[in-house]
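Working notes, beginning with the structure itself.
The values are calculated or read from the model by the stated rules, or taken from the named source; none is laboratory data. The model shown is predicted, which means the values in this text are computed figures rather than measured ones. Cβ: placed from backbone, ideal geometry, glycine included. Neighbour counts: every protein chain shown.
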Ligand code: SF4
Ligand code: SF4
């Protein structure tokens with residue numbers, strides 16, 4: 001069944017009454033970030049890509065996992081209550097597909113990360129298809145990617161003239177349509193329109209993987225990393241980077257907390273071990289690791305790249321490093 005929404009504003013304002021709703025929100029002239037909105041008017045519909053991704057709304061940049069309290073006879077761990085029912089609205093398909101990649105990583109090999117899933121399970125993602133891409137976008141280079149990709153979304157909205165066409169992707173999406181049925185109109189007309197034609201040329205990921213398989217010792221890595229500052233911006237703006245650090249704070253002898261905070265493989269101390277040895281002290285190795293992890297090791301393990309082609313790492317790199325160029329030149 002195909003649906004349309006004629007008045008998105010009224011629907012979102014209605015959802016805000018029952019859900020914590022996040023959407024792209026303009027912070028200043030050049031910055032739009034995800035933030036909670038109290039009305040549809042706070043949603044920035046103009047921007048294609050927010051400066052940072054929607055990832056942090058579920059996999060927080062820094063979060064307290066639990067409090068630690070010493071009691072007379074034991075040590076207690078106190079976890080946060082369940083999170084509120086949440087909607088991420090206005091997500092782009094590349095960010096939504098990032099959640100799908102993270103879902104696999106956080107539920108893998110007999111380990112399920114409950115801290116991630118208690119938010120993920122309570123969150124519905126309402127994405128919006130992209131019209132005109134940015135020059136840094138390359139989502140169509142991936143088998144499940146594209147400006148109309150539904151992967152990772154619960155509902156996908158596509159603006160056609162002045163109405164939104166609705167793709168109902170999951171049961172969570174179906175429930176929203178059922179609960180708010182007076183805002184959705186059934187249609188039998190085929191008004192779908194694909195945006196793919198406007199996307200830049202695709203990169204052949206299969207060929208790149210074959211080249212990466214044989215290029216670990218390539219002299220190419222000796223020089224290609226030189227402009228890179230190893231600042232880590234590329235990893236922090238990425239919807240799929242997931243490395244973290246665990247720290248514990250002790251407040252006094254009776255209580256403390258354990259926190260999880262994003263970390264980055266571009267940092268020198270990321271791989272430093274307790275005895276001081278560091279297998280990736282050389283910046284070349286860190287640069288190579290980022291490329292190899294996303295486009296070789298992850299493909300070996302999961303049969304897909306750890307990248308959605310959002311292009312943020314290209315757009316925000318202060319040194320002008322372009323991952324597409326690195327991959328096309330590697331041999
Ligand atoms: S590639 Fe760019 S953004 Fe990433 S660490 Fe190097 S300088 Fe920073
Ligand atoms: S590696 Fe770059 S282009 Fe790929 S998902 Fe991460 S930020 Fe986006």
Inset, instruction - Would you please name the residue that is farthest from ligand 1 (Cβ to nearest atom), looking only at residues in region 223-236 that are at negative phi and part of a loop (DSSP other than H, G, I, E, B)? - result: 226
Inset, instruction - Of the numbered conditions (1) surrounded by 15 or more Cβ atoms within 10 Å (Cβ to Cβ); (2) in contact with a helix residue (DSSP H, G or I) (Cβ under 7 Å, 6 or more places away or on another chain); (3) within 27 Å of residue 214 (Cβ to Cβ), residue 279 fails exactly one; give the number of that condition. - result: (1)
Inset, instruction - Can you work out which of the residues in region 42-93 that are in contact with a helix residue (DSSP H, G or I) (Cβ under 8 Å, 6 or more places away or on another chain), part of a strand (DSSP E or B) and at pLDDT 95 or above is nearest to residue 311 (Cα to Cα)? - result: 91
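Mind checking whether some residue in region 30-49 is within 16 Å of ligand 1 (Cβ to nearest atom) and under 28 Å from residue 142 (Cα atoms)?
Residues of region 30-49 that are within 16 Å of ligand 1 (Cβ to nearest atom), as a first pass: 49.
With under 28 Å from residue 142 (Cα atoms) added as a condition, the list becomes 49.
Looking for residues that are within 16 Å of ligand 1 (Cβ to nearest atom) and under 28 Å from residue 142 (Cα atoms), one finds at least one in region 30-49, hence yes.
How about region 230-250: which of its residues are more than 13 Å from ligand 2 (Cβ to nearest atom) and under 26 Å from residue 54 (Cβ atoms)?
Step one: filter region 230-250 for residues more than 13 Å from ligand 2 (Cβ to nearest atom), giving 230-231, 244-250.
Hits for region 230-250 are 230, 231, 244, 245, 246, 247.
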Legend entry - helices (runs of 4 or more DSSP H) wholly inside region 237-331 that include at least 3 residues being within 14 Å of ligand 1 (Cβ to nearest atom): 283-292, 312-316, 323-329
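Answer yes if at least one residue in region 156-171 is in a helix (DSSP H, G or I) and at pLDDT 95 or above, and no otherwise. Spell out how you get there, then give the answer.
Filtering region 156-171 down to residues in a helix (DSSP H, G or I) leaves 171.
Imposing the further condition that a residue be at pLDDT 95 or above reduces the set to 171.
Yes, the conditions are met somewhere in region 156-171.
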Legend entry - Residue count for region 115-127, restricted to those that are surrounded by 21 or more Cβ atoms within 10 Å (Cβ to Cβ) and free of Cβ contacts under 8 Å to residues at least 40 places away in the same chain: 1
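For region 206-221, give me the residue count where each residue is away from ligand 1 (no atom under 16 Å from the Cβ), in contact (Cβ under 8 Å) with a residue 60 or more places away in the chain and outside any loop (DSSP other than H, G, I, E, B).
Here the count works out to 5.
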Inset, instruction - Please specify each residue of region 20-41 satisfying the condition of being more than 27 Å from residue 264 (Cα to Cα) and part of a loop (DSSP other than H, G, I, E, B). - result: 29, 37, 38, 39
